[in-house]
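Everything on this sheet refers to the single structure shown next.
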Amino acid sequence: MRILVCVKRVPLTGGKMVLTADEQALETRHLGFTISPHEECGVEEAVRVVEAQGGEVTVLALGPPEAEEQIRECLAIGADRGILLATDGEEWDAQATAGAIAARASDYDLIVFGNESADSGGFQVGIRVAQALGRPVATGLKGMTVEEGAVRCEQEVAGGRDVYRLPLPAVVTVLEGINLPRYPSVPAKLRARQKPIETVAVERPAPRLERLRLMVPEGQGKQAEILGSGPGAAPAVVEVMRELGVAG
């Protein structure tokens, strides 16, 4: 069983998002980087399959040379080798990304994606790769079991789960929560430094879509109303409590 897990270097989402002056990218000088939670679960799921049935897990990332750091993190979880499709750091659209991945993914029995990346959230790359390779695909999985010549896929739906059985080779996208990813030990991190990473320079094809600008959504904000001060505010407070149903 040869499994390919595709991951993406994305900014840590806990901090404030600030755009560059031209509104074409995130200002990342003061941000850390990681992979998306869905993708981390994808790596863990692939490693578990290989631990149970044998085989090899390869992690692939398309991004700047610094994305080797994220590949090493996946190798520490238990992946066997990595492939970095090195770019100049510019964002690729879903079509270009899927084309670059599909060109190097035909030899794998199972290709695993996170359901969407934490930055662009496009939900497209996994489906586009499956289309390019002519393989069955199931998305948004909360359960996955590799059986004889097939992968059993579970999607959560209202009132239960839908179950699909895809013949291998296949493509799947998984959701955070399909498993609890392990925390790599210090020895695992040291071993990850010795695992091979193949670096391939790739050129971005001419984009077919034009990005006008990015926008940071406005927060809901908070509002405060001053009801009064001192004992004189008590009747207004009681009235608000009555409106909320917490006072008689």
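Observations on the model:
- Of all the residues in the stretch 91-141, those that are under 15 Å from the mean Cα position of the chain (by Cα) and not acidic (D, E) number 21.
- One residue stands out among those in the stretch 228-248 that are in a loop (DSSP other than H, G, I, E, B) and open to solvent by less than 70 Å² (accessible area, probe 1.4 Å): the one that is modelled with the lowest pLDDT, which is A247.
- Those strands (runs of 3 or more DSSP E) of the stretch 159-226 in which 3 or more residues are out of contact with any Leu (no Cβ under 8 Å at 6 or more places or on another chain) and surrounded by 11 or more Cβ atoms within 10 Å (Cβ to Cβ) occupy 160-167.
- The set of residues in the stretch 69-81 that are outside any loop (DSSP other than H, G, I, E, B) and crowded, with 18+ Cβ neighbours inside 10 Å comprises Q70, I71, R72, E73, C74, L75, A76, I77.
- Any hit, the stretch 43-64, residues being at pLDDT below 95, open to solvent by 60 Å² or more (accessible area, probe 1.4 Å) and over 27 Å from T145 (Cβ atoms): no
- Filter result for L84 (buried (at least 21 other Cβ atoms within 10 Å of the Cβ), modelled with pLDDT of 95 or more and in a helix (DSSP H, G or I)): no
The values are calculated or read from the model by the stated rules, or taken from the named source; none is laboratory data. Note that this is a predicted model, so its numbers are computed, not measured. FYI the Cβ positions are ideal-geometry reconstructions off the backbone, even for glycines, and counts take in every protein chain you see. Keep in mind that these areas ignore ligands, DNA and RNA; they rest on the heavy atoms of the full protein, side chains included. Shrake-Rupley method; radii C 1.70, N 1.55, O 1.52, S 1.80 Å.
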